[in-house]
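Have a look at the structure below, then the notes.
The values are calculated or read from the model by the stated rules, or taken from the named source; none is laboratory data. All of these numbers come straight from a predicted model, not from anything done at the bench. Reconstructed Cβ throughout: ideal geometry from the backbone, glycine too, with neighbour counts over all protein chains shown.
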Amino acid sequence: MKNRTHMDRVLDLAAAVTARRASRRGYASLKKASASHFVPNPRDPRHADAKIDVRELRNILSIDPVARRCVAEPGVTFSELVRATLPHGLVPRLVPELETITIGGAVAGCAVESTAYKWGGFHDGCVEYEIVTGEGDVVRCSRDRDAELFEMMHGSYGTLGILTELTFELVPAKPFVKMEYATFDSFPALHAAIDVATRVSTIDFVDAIAHARDRFVLCTGRYAGAAPWTSSYRSDRIYWESTRELAEDWLSTYDYFFRFDTDCHWTAQTLPGMKRAWSRKLLGRFMLGSANLLAWSERLRPLFKLQKHPPVVTDLFIPEGESDGFHRWYDRAVGHYPLWIVPYRMPRPYPWLRAPRPGLYFDFAIYGLPNERHDVDYSLLLEQKTFAAGGIKTLIAQNHYDERTFFSIHDRARYERLKRRMDPDNLFRTVYEKMVAPHVRGARYDAAPCPPSSIPSSAR
């Protein structure tokens with residue numbers, strides 16, 4: 001139907017939730033227009049859930065260039081959002097690196113990028129949410145009204161209710177980005193350079209790529225109104241490899257934001273031939289890009305059941321003071337490169353954490369780590385080491401926590417209080433039920449992580 005308003009879509013969704021709850025037929029999951037950014041798990045019980053259709057909720061409702069605010073529905077992708085706001089000289093505070101990530105997903109889960117050292121996550125720039133509860137009610141919350149619910153939507157992974165509208169801040173932007181790359185031979189040297197870069201007011205973007213144990217590239221960017229030339233990484237050229245070869249580069253702002261999208265960082269290199277220029281030109285439109293790669297992952301999901309341990313795709317937020325030691329351990333015990341390293345500032349305590357530690361974290365983003373050995377599960381090993389370091393692991397991939405350990409990280413009392421109010425019949429599952437698959441629950445956390453000396457030399 002044409003001319004349907006936002007409220008028409010929300011009321012239809014609320015009615016669908018009410019009907020699903022009344023049927024008492026078990027859990028419900030969402031049917032979305034965009035691909036899921038959860039790492040594929042063929043054993044996930046949500047695959048058998050009845051679906052509540054939220055595909056219509058993907059509209060930008062308003063952009064106010066004067067107030068620098070945007071109102072949009074949760075299914076809007078960051079690609080769509082940037083294309084709409086950039087002509088106004090504005091963008092969200094943080095734009096995640098893949099075109100297909102949605103703004104609702106960035107709030108319910110996690111989003112990180114090279115402005116995170118300054119702004120924190122995308123959710124830190126949000127000011128108001130509209131939510132459909134598990135009982136089919138429509139509620140609104142903000143930092144000033146129902147602040148606990150507002151703050152707890154981040155990190156709830158859709159288990160407290162369905163986001164239907166987001167209001168968030170925009171910040172000034174320019175059409176181009178000038179990149180500069182500096183190479184260091186150790187993580188402590190990179191750490192010191194990041195500390196300097198994040199204090200320079202004229203720098204707009206800070207992240208790094210570790211190409212090898214002795215090759216770390218600091219990537220800093222500045223907005224520019226014009227560019228002498230621009231690079232494109234949409235076809236045969238690979239962005240992350242360029243950082244190893246160049247001292248500087250120029251990109252359009254849009255292409256900078258989604259510079260990793262073509263290869264989903266470097267996971268596309270697992271596809272035969274996809275590092276060769278000729279095959280990328282010939283097959284890239286069908287194989288490359290987050291939309292294609294996620295779609296292929298979903299099609300091949302049944303085959304993943306044959307893997308004892310799927311490849312590791314994870315983001316590990318390590319407190320800055322623990323980061324040097326964590327990297328030393330990682331290089332000896334795991335040694336998988338490249339790594340994406342992103343400084344992330346938690347601007348205030350996040351209420352979903354039981355003992356939040358505001359300040360700077362380093363996100364060690366580990367993508368495509370082979371996990372085929374029989375004597376060690378790297379997914380579990382990294383999870384345990386992050387826990388021991390006082391860090392935070394995002395939950396988009398395989399998780400192993402026993403319930404006690406999980407709720408030593410996440411604030412159980414606060415979460416359960418809101419759960420009783422927002423979804424008393426547990427239509428959307430609890431966050432532990434949803435994010436820690438039943439077949440992997442119960443990892444041992446009463447012992448320290450496997451020390452590096454016990455890892456065979458082939459892994460070092």
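Answer yes if at least one residue in region 320-333 is of a type outside the set (S, T, N, Q) and not in a helix (DSSP H, G or I), and no otherwise. There is no residue in region 320-333 that is of a type outside the set (S, T, N, Q) and not in a helix (DSSP H, G or I).
Highlighted here are the strands (runs of 3 or more DSSP E) found entirely within region 146-228 that include at least 3 residues which are over 19 Å from the mean Cα position of the chain (by Cα) and either within 30 Å of S62 (Cα to Cα) or β-branched (V, I, T) (or both): 162-172, 176-184, 215-224.
Would a scan of region 68-77 turn up a residue that is among the hydroxyl-bearing types (S, T, Y), over 24 Å from the mean Cα position of the chain (by Cα) and modelled with pLDDT of 85 or more?
No, every residue in region 68-77 fails to be among the hydroxyl-bearing types (S, T, Y), over 24 Å from the mean Cα position of the chain (by Cα) and modelled with pLDDT of 85 or more.
Of all residues in region 180-203, exactly one satisfies the criterion of being buried (at least 22 other Cβ atoms within 10 Å of the Cβ) and under 24 Å from T253 (Cα atoms), namely I194.
Among the criteria (1) crowded, with 21+ Cβ neighbours inside 10 Å; (2) over 28 Å from R93 (Cβ atoms); (3) not hydrophobic (A, V, I, L, M, F, W, C), the one Y415 does not fulfil is (2). Of the numbered criteria (1) surrounded by fewer than 19 Cβ atoms within 10 Å (Cβ to Cβ); (2) among the hydrophobic types (A, V, I, L, M, F, W, C); (3) at pLDDT 75 or above, the one L30 fails is (1). Among the conditions (1) assigned to a loop (DSSP other than H, G, I, E, B); (2) within 20 Å of F122 (Cβ to Cβ); (3) charged (D, E, K, R), the only one that R357 does not satisfy is (2). For region 243-256, a residue qualifies if it is surrounded by fewer than 17 Cβ atoms within 10 Å (Cβ to Cβ), of a type outside the set (A, V, I, L, M, F, W, C) and either assigned to a strand (DSSP E or B) or in contact with a Phe, Trp or Tyr (Cβ under 8 Å, 6 or more places away or on another chain) (or both), and the qualifying residues are E248, S252.
Of the residues screened, Y401 is one that is touching an Asp or Glu at 6+ places or on another chain (Cβ under 9 Å) and at pLDDT below 95.
The single residue among P349, P370, P358, P338 that is under 30 Å from R213 (Cβ atoms) and surrounded by fewer than 20 Cβ atoms within 10 Å (Cβ to Cβ) turns out to be P370.
I need the full set of residues from region 88-106 which are in a helix (DSSP H, G or I), among the hydrophobic types (A, V, I, L, M, F, W, C) and touching a residue at least 60 places away in the same chain (Cβ under 8 Å), in order please. Can you show your working first?
Kept after step one, since they are in a helix (DSSP H, G or I), are these residues of region 88-106: 88, 103-106.
With the extra rule that they be among the hydrophobic types (A, V, I, L, M, F, W, C), the set shrinks to 103, 106.
Listed by number, the list holds a single entry, I103.
Pairing each residue of region 183-194 that is free of Cβ contacts under 8 Å to residues at least 40 places away in the same chain with any residue that is small (G, A, S), provided the two are 6+ apart or on different chains, yields C-beta distances under 8 Å for F184/A193; A193/A182.
Considering region 109-137, the residues that are touching an Asp or Glu at 6+ places or on another chain (Cβ under 8 Å) and in a loop (DSSP other than H, G, I, E, B) include one that is farthest from E97 (Cα to Cα), namely E135.
Among residues of region 115-137 that are small (G, A, S), those with a Cβ under 7 angstrom from a residue that is surrounded by fewer than 22 Cβ atoms within 10 Å (Cβ to Cβ) and in a strand (DSSP E or B), sequence gap 6+ or separate chain, pair up as A116/R345; G120/R345; G120/M346; G125/E169. Taking only region 66-87 into account, find how many residues are closer than 20 Å to Y254 by Cα and without any contact (Cβ under 8 Å) to a residue 40 or more places away in the chain. Final tally of qualifying residues: 5.
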